[in-house]
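Note sheet for the following structure.
The values are calculated or read from the model by the stated rules, or taken from the named source; none is laboratory data. Since this is a predicted model, take the numbers as computed values, not measurements. Note that we place each Cβ from the backbone using ideal geometry, even for glycine, and neighbour counts take in every protein chain shown.
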Amino acid sequence: MSKWKLYAVLLAVYAIAGCDERSTAKHAGSASTQKSATSTQGSSASTQGSSASTQASATSNQGDKFFSYPQVAALTAALERNDWADAEKALHAGANVNAIGKDGIYPLIWAMYIKNKPAFEWLLEHGADPNFDSGGSDGCALFWAAEANDSDWLRMLLAHKANPNLLHKNAVWTETPLLAAGGLCRLENLKMLIAAGADINYQQSKQDGGATPAIHAADSGFLEGVYELLEAGANIRPRDTGGWDLTDYVARRPPDPWREKVLQLLRERGADVDGALKAASDAEAKYRKDNPWRYR
């Protein structure tokens, strides 16, 4: 498959994930790189334009474009037209519902690509692994679902025993679904993952930046999500590789009602909010002094 056809696939799935919303800087320098691949794929107008015809033509009978196995191509073709009888026939003929196709695409991701929820549900009901990871940086449906602006995908996966603490290595770091949801400001997804038992205090390795879900959400500007995590009992003490804790990140966000609510919670839990606010103010003053041309 040419890289442009792959971009067409990824652009369509990122449209589900809504990556055009709230593109954010990530923590400790490396976090902005976290979604650099997604912004390259999802926000490049020239790439979108060049692949638009590919996407348009790929919306019918396209299973055989990704799956070379005849049974799997037959399965996806049947599912695309919601022909459950033919889908059952393909399954009995040997179709693997977890088959890996070109570029790591597998049936669950394919169903998300064509936005076919009944097919997605059918696959899960017929043995598709909700935790399957094809090994590529973009090859895990659970993480696409955690980042999606439509929560139905994640809801279906969790209903079929998806692991809310699954680890997935993307192009930059290892993350959990909760980190993924917080990074793209997906409140409903974050709530579902917490309710499903996601580890709210997971901390990335030092090599990956040392973020917790709360730190990652704060760095993404998702302070409502931080509030939910704190209400669920998130630890405020861990520091990332750069030495910042959650209070430092929140203090450096622009004032808004959610920031004030979070700062109040942090005060109640013993955080040095005043010290963090002063450090943030001093850092901004120094930056303005060192970069006056930016404020002319």
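Say we look at the range 193-217 and pick out the residues that are touching a residue at least 40 places away in the same chain (Cβ under 8 Å) and in contact with a Leu (Cβ under 6 Å, 6 or more places away or on another chain); which of these is surrounded by the fewest Cβ atoms within 10 Å (Cβ to Cβ)?
Leu193
So, Ala78, is that one within 22 Å of Trp153 (Cβ to Cβ), out of contact with any strand residue (DSSP E or B) (no Cβ under 9 Å at 6 or more places or on another chain) and part of a helix (DSSP H, G or I) or not?
Yes; evaluated as a whole, the condition is true for this residue.
Starting from the range 276-290, keep only residues that are within 14 Å of Thr247 (Cβ to Cβ), then list their pairs with residues that are surrounded by 13 or more Cβ atoms within 10 Å (Cβ to Cβ) and β-branched (Val, Ile, Thr) whose Cβ atoms are within a distance under 7 Å, requiring at least 6 positions of separation or different chains.
Ala276/Thr247
Does the range 136-147 contain any residue that is charged (D, E, K, R), closer than 26 Å to Gly182 by Cα and at pLDDT 95 or above?
Yes, that holds for at least one residue.
From the set of residues in the range 123-140 that are in contact (Cβ under 8 Å) with a residue 40 or more places away in the chain and not in a helix (DSSP H, G or I), which is farthest from Met156 (Cα to Cα)?
Going residue by residue through the range 123-140, those that are in contact (Cβ under 8 Å) with a residue 40 or more places away in the chain are 123, 137-138.
Filter again for not in a helix (DSSP H, G or I), leaving 137-138.
Numbers: Ser137: 22, Asp138: 19 Å.
Per the stated criteria, the residue is Ser137.
From the list Ala234, Ala271, which residue is surrounded by 12 or more Cβ atoms within 10 Å (Cβ to Cβ) and over 22 Å from the mean Cα position of the chain (by Cα)?
From the options Ala234, Ala271, the qualifying one is Ala271.
Can you pull out the residues in the range 199-256 that are of a type in the set (D, E, K, R) and outside any loop (DSSP other than H, G, I, E, B)?
Asp219, Glu224, Glu228, Glu231, Arg239, Asp245, Asp248
Only one residue in Phe120, Phe143 is crowded, with 16+ Cβ neighbours inside 10 Å, of a type outside the set (A, V, I, L, M), out of contact with any Asp or Glu (no Cβ under 8 Å at 6 or more places or on another chain) and part of a helix (DSSP H, G or I). Which one?
Phe120
Determine whether the range 160-181 contains at least one residue that is outside any strand (DSSP E or B), without any contact (Cβ under 8 Å) to a residue 12 or more places away in the chain and more than 24 Å from Pro118 (Cβ to Cβ).
Yes, some residue in the range 160-181 is outside any strand (DSSP E or B), without any contact (Cβ under 8 Å) to a residue 12 or more places away in the chain and more than 24 Å from Pro118 (Cβ to Cβ).
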